[in-house]
Amino acid sequence: MNQILETSSKNAKIKKYVIILTISIISILVLFCIIISDIINNNHQKELSKSIGNNYKIYKLFAEKNDNNILLKDYDFYGNIIIPKININYPFFYGFSDELLKISPCRFYGKIPLPKSHVIFDTDKNNDLNSSDGNLCILGHNYNDDRFFGKLKDINIKDKIIIEDLNNNLFYYTVFDKFEVSEDVAYSSAINRNYDYELTLVTCTNYNNKRLIIKAKKESS
């Protein structure tokens with residue numbers, strides 16, 4: 001009788017171990033699939049980011065030879081942002097959406113401070129490009145690596161940022177402020193300005209669910 005009980009107990013333990021082992025294997029496989037999927041998505045986004053530079057060059061040629069009265073759409077390019085210190089050089093979109101932010105930084109608010117004689121895009125009456133507000137605000141994802149605004153945390157006061165428009169005009173900015181705010185006030189903080197022509201960059205911090213904001217003022221021409 002004792003042998004039967006011992007055998008039954010061993011079988012129950014074996015079944016328990018088999019179930020635990022099966023669950024562990026399935027969990028590892030699921031985790032592996034998630035990691036592979038994430039790697040594939042990241043590689044795809046990197047390829048999109050690489051190809052967008054060439055598309056931007058072609059787009060600039062098109063814009064330069066076109067009529068000045070162009071109505072911009074969200075997926076149109078609006079300029080290029082260059083930050084030498086952290087090796088950033090990305091074209092940025094005129095508008096923003098979750099999908100656009102996955103492939104390049106996006107304009108959230110404001111305009112590039114072009115002289116009136118050089119303004120290309122000035123016919124959209126439903127946006128703020130014609131306003132007197134000289135605060136150009138650009139959003140960028142933080143993937144915790146060297147893509148987009150992932151290294152924006154390394155920017156310091158007095159660092160330089162360059163904005164290039166579609167006519168190859170370069171506008172130089174000097175960083176004067178860097179701070180974090182909660183998500184609910186991030187965009188109102190970004191829109192506020194201190195100088196006639198200002199540049200504001202916004203990205204996620206990821207570690208504390210806040211937004212990192214970099215503010216820079218335009219240097220005198």
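Derivation of every value follows stated rules applied to the coordinates shown; laboratory data play no part. Worth saying up front: this structure is predicted, and the values here are computed from it rather than measured.
Amide H contacts for N135 (H built 1.01 Å from N in the peptide plane; partners 5 or more residues away or on another chain; cut-off under 5 Å): K111, E198. Note that the range 23-31 has calculated 3J(HN,Hα) couplings of 4, 5, 4, 4, 4, 5, 5, 4, 4 Hz, one per residue in order, obtained from phi through the Karplus relation 6.51 cos²θ - 1.76 cosθ + 1.60 (θ = phi - 60°); glycine and proline are x. The phi torsions of the range 166-183, fed into the Karplus equation with coefficients 6.51, -1.76 and 1.60 and a -60° offset, translate into couplings of 6, 9, 6, 6, 10, 10, 9, 10, 10, 5, 10, 7, 8, 7, 10, 9, 5, 4 Hz, rounded to whole numbers, with Gly and Pro shown as x. Across the range 184-200, rounded Karplus estimates of 3J(HN,Hα) from the backbone phi angles (6.51 cos²θ - 1.76 cosθ + 1.60, θ = phi - 60°) give 6, 10, 4, 7, 5, 5, 5, 6, 4, 10, 10, 10, 4, 10, 9, 10, 10 Hz, Gly and Pro being marked x.
Relative to the current alpha-carbon distance between T22 and E99, full extension at 0.36 nm per residue lengthens the span by 23.9 nm.
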